[in-house]
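The values are calculated or read from the model by the stated rules, or taken from the named source; none is laboratory data. For clarity, every value in this text was computed on a predicted model and none was experimentally measured. No Cβ is skipped: glycine too gets one built from the backbone with ideal geometry, and neighbour counts run over all protein chains shown. The area values use the complete protein model at the heavy-atom level, side chains included, leaving out ligands, DNA and RNA. Shrake-Rupley method; radii C 1.70, N 1.55, O 1.52, S 1.80 Å.
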There are 2 protein chains.
Amino acid sequence: MSSDTLLIIGGGPAGLEAARGAADLGCKTILVERLSRLGGTPISANYAALTHGMRDASEVMGEMIAAVDGDPLVDIRLNTSVTACTGAAGAFSVTLTRGGTDETVSVGAVIVATGFEHFDPGRANQQYGYYMYDDVLTLQDAEKMLKEKNFVRPSTGKPPERVCFIQCVGSRDRRIGNEYCSKVCCGVASKQAIEIRQLLPNCRVFIFYIDMRMYGYWENEIYWPAQEKYKVSYIKGVISEIVMKGDRLMIRGEDTTMNRPMEVPMDIVILSNGMEPSGGTKAIAKTLGLRQNTYGFINVAHDTLDPVSTSVPGVFVAGAAAGPKDLDDTMGMAGAATMKAVGAIRRMARGAAIKA
Amino acid sequence: MSSDTLLIIGGGPAGLEAARGAADLGCKTILVERLSRLGGTPISANYAALTHGMRDASEVMGEMIAAVDGDPLVDIRLNTSVTACTGAAGAFSVTLTRGGTDETVSVGAVIVATGFEHFDPGRANQQYGYYMYDDVLTLQDAEKMLKEKNFVRPSTGKPPERVCFIQCVGSRDRRIGNEYCSKVCCGVASKQAIEIRQLLPNCRVFIFYIDMRMYGYWENEIYWPAQEKYKVSYIKGVISEIVMKGDRLMIRGEDTTMNRPMEVPMDIVILSNGMEPSGGTKAIAKTLGLRQNTYGFINVAHDTLDPVSTSVPGVFVAGAAAGPKDLDDTMGMAGAATMKAVGAIRRMARGAAIKA
């Protein structure tokens, strides 16, 4: 017997959007979140303003949570993990575990929205000294300080005079096995550069990059204002090493436009670390038997113009669980996954065979 | 009285995906296409292989058409335009015009999927001589030859020995008023470069670029094979002029990595022309009263994490009618627009007030 309920795994932007959309379509959902609160990475990683749109992350996520909270069609389960799954499209039997207690639910389709995690720059890029120097930060460390409107050198507590970003840390890097572009870091770094210049008008800000990837409207919403209004210096270059010189960081590398070596002092260096699949994404792929790509992200059927269907019929993926995505991508995928998942449930209810 | 029917305007990838998804959700749709056949730009512009996935465009679009053709819930209207609209969400009254005959239909919601058109490089970039030299092509001209597996110099009918692409023609260009990045041209040019090298192993292929924007998996699915397996030469540089020298094209510009002027002979120059809103997109925005951005694309509410809602409640947009999009974006948006449009129709049927 087929179930009319949709299971959504992950309570971040993609999962919240899917739950709201399914409820609008009149479909019952169970929304499972591993942590004790909804909101996903924008909340757990202390995002300040979202890229793009620049609205306050807590405010936007609060609106998304309010849109599902209390809806009789959305059954929210916090502190809960999916630990087993049997059955097939139309009649999955899924074990939900909360604090050692198991419950089995019957669902017709599943949306995986378990997201990404930020690349740990101490793991492989030892030359940047992330765990060695207090003033070497990640985008997330910087975001937290920007959210608190208190952007200072961790080593001294004083405002920096020179800050730089190093792009493609953990991305486009064959040595560490992440050949892909993480898609959002150019935009996020440029957004943070603007925010630093707004907070500290006398601080100089540099961005060292391979290619600036500001596609679509990011070009004129972020990149041009960063250069023209906020005087951020973009330098095509490769930074090979960070060392201490006195009480300052010294970055060493090559300016590939001027074709010459460079050695430049900085007060703070921000590593623009990319995306990797979250632990939750890797775990759920195993539990549900989903094909993953070489990086551990969930595989989808791109070649048939379908960015949300996984290798298991009845299981769909939305957001960065499928690879690097920005928030527009994620919202689109959440809608597409919901349309397909609810469509599959309805088709089965009508007795039609499920299409691949 | 609210209508339970969804109107979809445009029979390309976005419109076809929306129609199929709505039918799976049990929602009646009217799918309106201005031309005499479905398939949109991939068919009308003779696309060969799609980026990414590299599958044959006719084959993929044929599958998408077959998925809606004959479905009793999908009412397909070819050679038809939307010429007037009154009413509001839940009860729009829309005039469809076919060969001089008008018909008025009642629909509850609308999805605009009217797409883009390719920038005309003869309009503004006179220095590239598109209308002057036979061997200066657009991406679409090249695509048509690649589809026919007959890639030759138009002026001589012979295979070229040297081909180059010039990126960002009609994009990232303030002089002509298109400041945005068209998002797909780096990928499409690299795909074509691979196809040229496959057809003509002795032909040298160059790509002159500002930044190579191969986000996500395009990096290793297209960019790295183009460089390593197919030996395409990528040169960061600005081409200012194309002239004839003997029977060859001579491109003049600056190599911005080596920081020196260059003058290089080519047999074929391909202008990587970007996206502009289609005539249909500009016309439908006026007919439906949709807010447009400065370029004429349809405005959406990005700042609330909503890439598909327009300024008119009950009207949604999918695909490149909203700005530069790749096919993954388009499929995601089509699903999101369908989820929201059908959700709005169902909510109104349940008597609930429509949410913004």
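Points to keep in mind about this one:
- FRET efficiency for the B:Lys231 to A:Ser240 pair, using the beta carbon distance and R₀ = 30 Å, is estimated at 0.65.
- Net dipole in debye of chain B [+1 Lys, Arg Cβ; -1 Asp, Glu Cβ; about Cα centre; nearest 20]: 360 debye
- Aspartates and glutamates with Cα under 20 Å of A:Lys28, excluding same-chain neighbours fewer than 8 positions away: A:Asp4, A:Glu17, A:Asp69, A:Asp71, A:Asp75, A:Glu103, B:Asp24
- 13 Å beta-carbon shell around A:Ala19, net charge (K/R +1, D/E -1): -3
- Entries in A:Lys147/B:Lys183; A:Lys149/B:Lys325; A:Lys149/A:Lys231 that, when Cα-Cα distance is taken, lie over 28 Å: A:Lys147/B:Lys183; A:Lys149/B:Lys325
- Sorted shortest first, the separations between the B:Asn293 label point and its copies elsewhere in the assembly read 2.5 nm; each point sits 7 Å from Cα along the Cα-to-Cβ line.
- Each of A:Pro159, A:Val300, A:Gly62 was placed along the dipole of chain A (beta-carbon charges, centred on the mean Cα), and the one lying farthest toward the positive end is A:Val300.
- The mean number of partner chain beta-carbon atoms within 10 angstrom of a residue's beta-carbon across peptide A:19-32 is 3.
- Only helices enter this figure: runs of n ≥ 4 DSSP H residues, each worth -39500 (n - 2.57), summed and divided by the residues of chain A, yield -7500 deg cm²/dmol at 222 nm to the nearest 500.
- Inter-chain neighbour count for A:169-181: the average number of beta-carbon atoms from partner chains within 10 Å of each residue's beta-carbon is 3.
- Among the protein heavy atoms of chain B, carbon and sulfur supply 51% of the accessible surface, probe 1.4 Å, non-protein parts ignored.
- Accessible-area loss of 50 Å² or more (1.4 Å probe, protein heavy atoms, chain alone versus all protein chains) is found in the range B:236-262 for B:Thr257.
- Per residue, the range A:127-182 exposes an accessible area of 43 Å² to a 1.4 Å probe, with every protein chain left in place.
- Against the rule of thumb 2.2 N^0.38 Å, how large the Cα Rg of the protein assembly as shown comes out: 0.96
- Copies compared at A:Gly87 - label distances in nm, ascending, label defined 7 Å from Cα in the Cβ direction: 3.9
- Packing order of peptides B:80-91, B:110-121, highest average first: B:110-121, B:80-91 (average count of other Cβ atoms within 10 Å over each peptide's residues).
- Cα centroid of the range B:91-164 to Cα centroid of the range A:309-324, whole Å: 33 Å
- Per residue, the range B:1-111 exposes 38 Å² of accessible surface when a 1.4 Å probe is rolled over the protein heavy atoms with every protein chain present.
- Here chain A is treated as an ellipsoid with the same Cα gyration tensor; its semi-axes, largest first and in whole Å, are 41, 20, 18.
- Going from the chain on its own to the full set of protein chains, the range B:281-321 has these residues losing 20 Å² or more of accessible surface (heavy atoms, 1.4 Å probe, no ligands, DNA or RNA): B:Tyr295, B:His302, B:Asp303, B:Thr304, B:Leu305, B:Pro307.
- Relative packing of B:220-231, B:138-149, which averages over residues the other C-beta atoms within 10 Å, highest first: B:138-149, B:220-231
- What sits nearest the axis between copies B and A, counting only chain B Cβ atoms, is the residue and whole-Å distance B:Gly332, 1.
- Solvent-accessible area buried by pairing B with A, both sides, nearest 100 square angstrom, 1.4 angstrom probe: 5500 Å²
- 10 Å Cβ neighbours from other chains, averaged over peptide A:207-219: 6
- Label zone at A:Arg55, where the point sits 7 Å out along the Cα-to-Cβ direction: the range A:321-347 residues whose backbone N lies under 16 Å: A:327-332
- Amide H partners (placed H, <5 Å) of B:Ile111, local residues excluded: B:Leu7, B:Ile8, B:Ile9, B:Phe316
- Solvent-accessible area per residue for the range A:199-335 (1.4 angstrom probe, square angstrom): 35 Å²
- Think of each Lys and Arg Cβ as +1 and each Asp and Glu Cβ as -1; about the Cα centre, that makes the dipole of the protein assembly as shown roughly 160 debye.
- For chain A: relative contact order, % (alpha-carbon pairs under 8 angstrom, 6 or more apart): 21 percent
- Calculated log₁₀ intensity ratio I(q)/I(0) where the Debye formula runs over C-alpha points of the range B:1-103, q = 0.12, 0.13, 0.19, 0.23 Å⁻¹: -0.43, -0.50, -0.95, -1.22
- Long-range Cα-Cα pairs in the range B:33-85 (distance over 14 Å), rounded percent: 60 percent
- Spin-label model, A:Asp247 to B:Ala66: label points 7 Å out along the Cα-to-beta-carbon direction sit 7.2 nm apart.
- Exam field: A:Asp255 pseudo-label spacings to other copies (7 Å along Cα-Cβ), nanometres: 1.9
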